[in-house]
Amino acid sequence: MSSMPRVRFAPSPTGYLHIGSARTFIFNWLYARRHGGTMILRIDDTDAGRNTQDSEDSIFDGLRWLGLDWDEQYRQSERLDLHTAKALAIFEQGHAYRDFTPQEDAAEKAHATGASTWLCNPEMRELSREESDRRAAAGEPFVLRFRVPREPVREVGFEDEVYGAQSKSTADIEDFALLRSNGLPTYHMASCADDADLGITHIIRGQDHLTNTFKHVLIFEALGVAAARFAHLPLLIAPDGSKLSKRKHGPVVSVTTYRDAGFLPQAYVNFLCLLGWNPKDDREKMSIEEITAIFGFEGINRSNAVVNFSDEDPIDPKALWLNSQHLYALPVETLAALLEPWAAAAGWTPEPGQLLQIAPLIQERMKTFADFAAVADFFFVEPLPPYDAAELIPQKGAAAMAALVLERAKQTLAQTEFTHDALEQALRAAAAEIGVKAGQMFQPVRVAVCGRKVAPPLFETLAVLGRALTLARLDRALELVRS
RNA sequence: GGCGCUAUCGUCUAAGGGUUAGGACGGAGCCCUCUCAAGGCUCAAAUACGGGUUCGAAUCCCGUUAGCGCUACCA
């Protein structure tokens, strides 16, 4: 009987929610939800100097926007006693020692060893317990270092759920710090103590921690606890192959960018999932429920994934397409409701029910909500923004034809029922009567009513706009074409 | 420098000894059509390089190259 998995996402609050972090959260979340396990959010705020409340808030905001939740929450800084106690336990077991080398000298000595890797300072590693205690009692500052097994050297290994069997010689692992000279635990110490204490069963995190894992295995051993299972995720990288960084790549790495760009959270989650994971069939557009149903480590690949943005366009084209697919699949009622804040942002106040009428006309003409204002303006703006009178002139026609068509349209529309079928029938008949092609009839009307040639289908649009507004705009177009 | 990881169309990826190396985005073209979209169809586009193993290698092994990561009293 295996117990339910317990997984955690452990961000350090030093900036906004990074898309790579969001993806790590999602993969943890998927694993937990797939297996009926527990999702834990742990704020790794042991680096007091760099943590900010703003950052923490933006992480929460980002996760909430993505529609993600968690079952337990901890703050690492509130668990310092635990970390220190565990570090001391390791020390008492003889798996760690005090290093009294002043911080300034340490770097120098590490460099002095030349090209080869700094492993330890034998002088400190071999210090007798008596002397160590004496100097500590005298108040001399020290860092507590893990005593990596050296004689004999041995292999440290673990089985990664994604990368397979991993092993590394202790000859290549330095005596890393557990406690800083100010008494605070390092990341390695705090993280392992918490993972052990919280009963984390699967540590799912970025591949940048793959080599750190050997140290963590050593810590778990020294703590006398069974290590969690590990699953490392390929990293998200920039088109030039470099790691995505806030400093270098700016807004591209922030989840809020996609929210503000009018993405649907479920679409962005879908996009993130497809970076480094695939369902093994040809599905692309998937709901998070569908993904949860089949998520597993087998589907995760091992090479880093490029987020395909450019200087001209910070949005990955595939993310955009995926968003459009989710958008097109929305029920119109849902779409209409989601449009409200975007209408408000554009300064428009839709009539009750108006968005519901408009939604189906523009649904397949938006990639994101950011397109809404440009696509739907003529439904709300009166009078229309100025447009070039030349736009009113039909294909293979002249200004005279424009005037003729518009005049005839005006007469026709003054007495036609404003429904799709009636409008189409009447306008086609009108075109035939004055001897122009249907397109030569429709285009000037479209421009008169929408202010441009590119717009939703004409009859639906007219039906929504209504007779009064349509006739008023036709009048204005006539003035324009005659002047 | 040391150690670790990775390498399939421009990008995301499938194929894990036998396929014309598949799909998707993006690009090009055609169809549909009242414009624009959406949709349908077609085309161009990849196994980093070199050695093995094997009847047969994208796939297994070795090397090279490249990229990434770790190498802090950051996380």
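What to note about this one:
- Taking 20 Å as the straight-line reach from the Cα of A:Lys437, the lysines in range (excluding those fewer than 8 positions away in the same chain) are A:Lys396, A:Lys410, A:Lys453.
- Per-residue HN-Hα couplings for segment A:308-319 [Karplus 6.51, -1.76, 1.60; θ = phi - 60°; Hz; x = Gly/Pro]: 8, 10, 9, 5, 6, 9, x, 9, 5, x, 6, 5
- Beta bridges assigned by DSSP with both partners in chain A are antiparallel in approximately 50 percent of cases.
- Within straight-line cross-link reach of A:Lys215, aspartates and glutamates at Cα separation under 13 Å, skipping those fewer than 8 residues along the same chain: A:Glu155, A:Asp172, A:Glu174, A:Asp175
- Rounded tilt (10° steps) of A:212-223 against the dominant C-alpha axis of chain A: 50 degrees
- Close amide H partners of A:Ile43, meaning residues 5 or more places away or on another chain with modelled amide H under 5 Å apart, are A:Tyr74, A:Arg75, A:Gln76.
- Projected area, mean over directions - segment A:79-233, Cα convex hull, nm²: 9.5 nm²
- Over chain A, volume per residue of the alpha carbon convex hull, in Å³: 197 Å³
- Peptides A:117-123, A:237-243, ordered by how many other C-beta atoms sit within 10 Å of their residues on average, highest first, read A:117-123, A:237-243.
- Between 0 and 90°, nearest 10: helix A:53-65 axis offset from chain A longest Cα axis: 50 degrees
- Estimated vicinal HN-Hα couplings, Hz - segment A:280-291 in sequence order (Karplus 6.51, -1.76, 1.60; Gly, Pro = x): 6, 10, 8, 5, 10, 7, 9, 7, 5, 5, 4, 5
- For segment A:293-350, the Cβ-based charge dipole about the Cα centre amounts to some 180 debye (Lys, Arg positive; Asp, Glu negative; other atoms uncharged).
- Listed peptides A:126-133, A:262-269 by packing density, highest first (mean Cβ within 10 Å): A:262-269, A:126-133
- Distant-in-sequence amide H partners of A:Tyr163 (H built 1.01 Å from N, under 5 Å): A:His232
- Helix-only mean residue ellipticity at 222 nm for chain A, each DSSP H run of n ≥ 4 adding -39500 (n - 2.57), per residue, nearest 500: -14000 deg cm²/dmol
- Taking all pairs of distinct alpha-carbon atoms in segment A:330-379, Kirkwood radius in angstrom: 10.6 Å
- The value of relative contact order for chain A, using C-alpha pairs under 8 Å at least six residues apart, is 12 percent.
- J(HN,Hα) series, segment A:383-398, from Karplus relation 6.51 cos²θ - 1.76 cosθ + 1.60, nearest Hz, glycine and proline x: x, 4, x, x, 9, 6, 4, 4, 4, 6, 7, x, 3, 6, x, 10
- Relative contact order (%) - criterion: Cα under 8 Å, at least six apart; region: segment A:147-306: 23 percent
- Remark on A:Thr186: its backbone amide H falls under 5 Å from those of A:Leu179, A:Arg180, a criterion applied only to residues 5 or more positions apart or on other chains, H modelled at 1.01 Å from N.
Values in this text are rule-based calculations from the coordinates and carry no lab data. Here the structure is a predicted model, which means the values were calculated and not measured. Note that each Cβ is placed from the backbone with ideal geometry, even for glycine, and that neighbours are counted across all protein chains shown.
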